[in-house]
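Below is one structure, written out as structure tokens; comments come after it.
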Amino acid sequence: NDFMKISGLCAQIDDNGLPKPILRGLDLEIPKGQVHAIMGPNGSGKSTLSYVLAGRDDYEVTDGSVAFDGQDLLAMSPDERAAAGVFLAFQSPVELPGVNNANFLRTAVNAVRRARGEDELDAVAFLKTVRAETKRLHMSDEMLKRNVNVGFSGGEKKRNEVLQMRMLAPKFAILDETDSGLDIDALRVVADGVNSLRGPDFSALVITHHQRLLDYIQPDRVHVMAKGRIIHSGGPEVARQLEAQGYAKYLEAAA
Ligand code: ADP
Ligand code: MG
Ligand code: MG
């Protein structure tokens, strides 16, 4: 299965003029229809992995490959990746002052629809769809009139990300610590959002520090990441072991 196949991925960032390697030969395969989790200590490169998959240009890929749905993901622009069905929910959702949330969402949805050869949604059709979604997520429609994420609480930002994800209906979603700082209600919103999309044509990579989120999103596989590599992979029991015992066992085994 090569739906999402990351092989030997190495990436670095410019750290005040010096190249700083962060990903150091990362291998990971996520089959179609599966939800995988990555857990790992702070600084292991989890967010870097999600940025590299999204195509953020401050990270330089120095080796390795990423095959996605039969395409070379690393050769695609961020827009092309989104159009191909890759969606990213970031640890800190970006605030866009002066950009109306509903317009932003409609533009993103229509760009993806165009790329898929589907008709664009006009304002009326879009509002109908988005209102059904906001209702589902217990969001007030007032949030659609505000600027993207500006002045949103942590929980509102997460709801807004889940709204974007459901509206874009991606083939592959990456959620980078979407659970950090969330109360239990917001956590459930995120988990329900992922679970509602689960099916044979949806895969996800859920990056988290905590077993807690994985009580709600049952992963097919759990990967342990440290120092820019996947150092252990297993079933959902890995997350429970990590919660109980910490990373030491895996770090020692990998050393
Ligand atoms: P994680 O998400 O697992 O906590 P990150 O991917 O955020 O890890 O960071 C991995 C390592 O790369 C850390 O040591 C971090 O300090 C470093 N790093 C990330 N971004 C930058 C940057 N812009 N400049 C310098 N170092 C960075
Ligand atoms: Mg971190
Ligand atoms: Mg991170």
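No lab work stands behind these numbers, since they all come straight from the coordinates. Since the structure is predicted, the reported quantities are computational estimates derived from the model, not experimental observations. Ideal geometry is used to build each Cβ from the backbone, glycine not excepted, and the neighbour counts take in all protein chains shown.
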Report summary line: Env charge @ Gly235, Cβ radius under 13 Å, K,R +1 / D,E -1, value 0
Query raised in the report: Taking other Cβ within 10 Å of each residue's Cβ, how do Thr62, Thr134, Thr129 sort, fewest first?
Result: Thr62, Thr129, Thr134
Query raised in the report: Using unit Cβ charges (K, R positive; D, E negative) and no other charged atoms, how large, in debye to the nearest 20, is the dipole of segment 135-180 about its Cα centre?
Result: 260 debye
Query raised in the report: Taking R0 as 41 Å, what's the FRET efficiency between Ala255 and Ser77 from their Cβ-Cβ distance, rounded to 0.05?
Result: 0.60
Query raised in the report: Taking R0 as 22 Å, what's the FRET efficiency between Lys128 and Ser196 from their Cβ-Cβ distance, rounded to 0.05?
Result: 0.75
Report summary line: Partner aspartates and glutamates whose C-alpha sits under 20 Å from that of Lys227, ignoring same-chain residues fewer than 8 away, are Asp14, Asp15, Asp27, Glu29, Asp58, Glu60, Asp63, Asp176, Glu177, Glu243, Glu252
Query raised in the report: Tell me, Asp14, Asp27, Asp176 in order of fewest to most beta-carbon neighbours within 10 Å?
Result: Asp14, Asp27, Asp176
Requested in this report: Order these peptides, 38-50, 116-128, 193-205, by their mean beta-carbon neighbour count within 10 angstrom, highest first.
Outcome: 38-50, 193-205, 116-128
Report task. Grab the DSSP H runs of the chain that are 4 residues or longer, score each as -39,500 (n - 2.57), total them, divide by all residues and round the 222 nm result to the nearest 500 deg cm²/dmol. Result -> -11500 deg cm²/dmol
**Report entry** Pairs from Lys5/Lys249; Lys128/Lys157; Lys128/Lys158; Lys32/Lys135; Lys20/Lys249; Lys5/Lys157 whose Cα-Cα separation, in the structure shown, is over 24 Å
**Finding:** Lys5/Lys249; Lys32/Lys135; Lys20/Lys249; Lys5/Lys157
Report summary line: If each K or R counts +1 and each D or E counts -1, the residues other than Leu74 whose Cβ falls under 14 Å of its Cβ total -3
Report summary line: Helix 184-197 sits off the longest principal axis of the Cα atoms of the chain, rounded to the nearest 10 on a 0 to 90 degree scale, by 90 degrees
Query raised in the report: Cα to Cα, under 12 Å, and not fewer than 8 places away if on the same chain: which aspartates and glutamates meet these conditions relative to Lys171?
Result: Asp69, Asp201
